[in-house]
Amino acid sequence: MGLKLGPILSFRGLKGDTERQWCVSVLIVRDSGEKKPSLEWQAAGPGSAPATASTGATAKLLATFPDASPARQAWRFDFVVTLTGSPQKISYRIKGEPSGWEFHVPAKGAIPNMAYTSCTGFSSNKLMQKTEDPYGMVRNLIRQHSDSPYHLLLMGGDQIYADPMFDTLPELHDWLALPRQKKISHPYTPEMASAVEHFYRELYVKWWGQTDLTTLFASVPTFMMWDDHDIFDGWGSYDPGLQASDVYQGLFASARAAFALFQLQLAEDEAHPAKIPGQQAFSLGLNLGPLAIVALDMRTERSDSQVISQVSWKAVYDWLDTLTGNCTHLLAMSSIPVVHPDFSELEKALSIFPGQQELEDDLRDQWNSIPHKQECLRLIHRLLDFSRSRQSRVTLLSGDVHVGALGLIRDLRSDGGGTGQEIIQLTSSGIIHPPPQGVAMFFLENAVGKEMSTDRDISSVMIEFPGTHQFYIGARNWLALEPDAQRRIWANWHIEGQPYPYTQVIHPVNFAMPKASVGKIGQPG
């Protein structure tokens, strides 16, 4: 009896023109054979404001896992909260559970208080065993949430690490030992499919069932987009023959089904309410009035020659065109950093050292790899055009590389339009995965150029963090995105072992963006 996983909150978007409704879902996994679950919730305003009457939520059966022991079912509850002029606390309870939970929603028309994380796991068991407090930064986020509640938890990829399946599943271990051509011609057998699907489901249940993650997921509605480790390391960056093989495509289909179920809380063949129309991938868009968020799916269509298909790019840009002039800020979630040094020399340097370097796989998977540079440049141009035409501040959110970093795209063209032609990139990675060590961090800080020529009169530059003379946070971290009354967003990196966060103020476009406006809280920025 009882929950095997959950509750996991998910944000589904806003609906309604006059009564803005905050749409939320809750995922649970429990044993089969029990009665249809039920959930009740109620809202309370600030201070001593009375709570509303309890309201039931609709339960939908998403999937059944007959191969689990005992068999299990995944259920989703859907409900909407009508926003008011003040923030609200929502209490909810699942019938039969000994205790309830609560989360918070913003005031109507306000920019929500947000946190951003990535890399919520470990690339190897060895690395996890070497980490003294694996969930320390998750608890740090939970403590901050208790003091100043977050309305959204944006998660930028690698919510799980599926890489161990090649070592733990005999069906894949034997296939991995085959010569390349035999790998390519080998079918994705029913035995493989059954083992892999079971592996993904159990991985989500086991990893997300850890106490600290359970507490976080039950307290803040999530908005997730995947990256390679949610499938397996480097997905989309392999040679075309292997990428197109029956086994690789079968593995991807199994990972895709698990991602849709656990991260997006979807039934089979169901579309997410925030899915951008006109694409086969999972890119999502949220229009929250003064704030818009686009989460780019950079894995479904990825190959050695593209990151996202032209059809899907058109769908994303068409969706951006639907945003009204009320959009003060656009957050663009790109799991791989757009502003990042060219690591070709670092790859060569790491290859001379024995052993596996933590950054090696990531370095071959970047936007600045030669096949993807033009696609990245087109993205930069479109975001700059959007910022200029809509007078909206564009900010990139990235993870993946296991360091925190701050980048800036500058448009110096004579017709650039002045204000609005700077895009800040905030990289936060990872909240659980440790940073690279030793020679990798030294090379990153000292031997890689910090300014890059992106295009004629468009440049990218890494910005130094305050008081440290360092460009990269070599410690686990997560990012808070906290708006103020002037619709500025205060980006605060919370860093393991640091008493104070590092801060970057993201101004609306009608403010002049101050150069190097980075400072610790309490210091001028």
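If the condition is being touching a residue at least 40 places away in the same chain (Cβ under 8 Å) and in a helix (DSSP H, G or I), then the stretch 131-171 contributes G136, M137, V138, R139, N140, L141, I142, Q144, H145, M165, F166. Among the residues of the stretch 133-167, the ones that are out of contact with any His (no Cβ under 8 Å at 6 or more places or on another chain) and under 25 Å from M192 (Cβ atoms) come to 3 in all. Scanning the stretch 467-499 for residues that are buried (at least 18 other Cβ atoms within 10 Å of the Cβ) and over 25 Å from Y150 (Cα atoms), we see that the one that is farthest from the chain's Cα centre (by Cα) is F471. Kindly indicate whether any position in the stretch 217-232 is surrounded by fewer than 17 Cβ atoms within 10 Å (Cβ to Cβ) and of a type outside the set (D, E, K, R). No, the conditions are met nowhere in the stretch 217-232.
Does at least one position in the stretch 350-358 carry a residue that is at pLDDT below 95 and under 19 Å from the mean Cα position of the chain (by Cα)? Taking every residue of the stretch 350-358 in turn, none turns out to be at pLDDT below 95 and under 19 Å from the mean Cα position of the chain (by Cα). Residues in the stretch 239-256 that are surrounded by 15 or more Cβ atoms within 10 Å (Cβ to Cβ) and touching a Phe, Trp or Tyr at 6+ places or on another chain (Cβ under 8 Å): 8 in all. Set side by side, the residues R180, R139 differ, and just one is within 30 Å of S86 (Cα to Cα) and surrounded by fewer than 19 Cβ atoms within 10 Å (Cβ to Cβ), which is R139. If you take the residues of the stretch 363-376 that are surrounded by 15 or more Cβ atoms within 10 Å (Cβ to Cβ) and either in contact with a helix residue (DSSP H, G or I) (Cβ under 8 Å, 6 or more places away or on another chain) or under 14 Å from S334 (Cβ atoms) (or both), which of them is modelled with the lowest pLDDT? Filtering the stretch 363-376 for residues that are surrounded by 15 or more Cβ atoms within 10 Å (Cβ to Cβ) and either in contact with a helix residue (DSSP H, G or I) (Cβ under 8 Å, 6 or more places away or on another chain) or under 14 Å from S334 (Cβ atoms) (or both), the one modelled with the lowest pLDDT comes out as L363. Out of V461, V505, V448, one residue alone is part of a loop (DSSP other than H, G, I, E, B), β-branched (V, I, T) and modelled with pLDDT under 95. It is V448.
Of the helices (runs of 4 or more DSSP H) lying entirely inside the stretch 176-294, those carrying at least 1 residues that are over 16 Å from the mean Cα position of the chain (by Cα) and closer than 26 Å to R139 by Cβ are 190-208, 211-217.
Of the residues making up the stretch 484-507, those that are touching a residue at least 12 places away in the same chain (Cβ under 8 Å) and of a type in the set (A, V, I, L, M) are I489, A491, I495, V505, I506. Filtering P112, P149, P106, P164 for residues that are surrounded by fewer than 20 Cβ atoms within 10 Å (Cβ to Cβ) and either in contact with a Gly (Cβ under 8 Å, 6 or more places away or on another chain) or at pLDDT 95 or above (or both) leaves a single hit, P149. Being surrounded by fewer than 21 Cβ atoms within 10 Å (Cβ to Cβ), among the basic types (K, R) and in a strand (DSSP E or B) holds for only one residue in R93, R76, and it is R93.
Looking only at the stretch 117-127, decide whether some residue is assigned to a strand (DSSP E or B), touching a residue at least 24 places away in the same chain (Cβ under 8 Å) and either surrounded by 19 or more Cβ atoms within 10 Å (Cβ to Cβ) or not β-branched (V, I, T) (or both). Scanning the stretch 117-127, I find at least one residue that is assigned to a strand (DSSP E or B), touching a residue at least 24 places away in the same chain (Cβ under 8 Å) and either surrounded by 19 or more Cβ atoms within 10 Å (Cβ to Cβ) or not β-branched (V, I, T) (or both), so the answer is yes. Listed by first and then second residue, the pairs with beta-carbon distance under 7 Å, at least 6 apart or on different chains, first residue in the stretch 228-247 and touching a residue at least 24 places away in the same chain (Cβ under 8 Å), second surrounded by fewer than 17 Cβ atoms within 10 Å (Cβ to Cβ) and of a type outside the set (D, E, K, R), are D228/G234; G236/S303; P240/S303; Q243/S303; D246/H186; D246/P187; V247/H186.
To keep it simple, each residue is scored yes or no on (1) in contact with a Phe, Trp or Tyr (Cβ under 7 Å, 6 or more places away or on another chain); (2) free of Cβ contacts under 8 Å to residues at least 12 places away in the same chain; (3) of a type outside the set (F, W, Y).
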position: T64; (1), (2), (3): no, no, yes
position: S69; (1), (2), (3): no, yes, yes
position: F79; (1), (2), (3): yes, no, no
position: G85; (1), (2), (3): no, no, yes
position: I94; (1), (2), (3): no, no, yes
position: E97; (1), (2), (3): no, no, yes
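Residues in the stretch 37-50 that are at pLDDT 85 or above, surrounded by fewer than 18 Cβ atoms within 10 Å (Cβ to Cβ) and either under 13 Å from L3 (Cα atoms) or out of contact with any strand residue (DSSP E or B) (no Cβ under 6 Å at 6 or more places or on another chain) (or both): S38 only.
When T454 is tested against the conditions (1) modelled with pLDDT of 90 or more; (2) buried (at least 17 other Cβ atoms within 10 Å of the Cβ); (3) not aliphatic (A, V, I, L, M), the lone failure is (1).
The values are calculated or read from the model by the stated rules, or taken from the named source; none is laboratory data. Please read these numbers as outputs of a predicted model, since none were measured by experiment. Note that we place each Cβ from the backbone using ideal geometry, even for glycine, and neighbour counts take in every protein chain shown.
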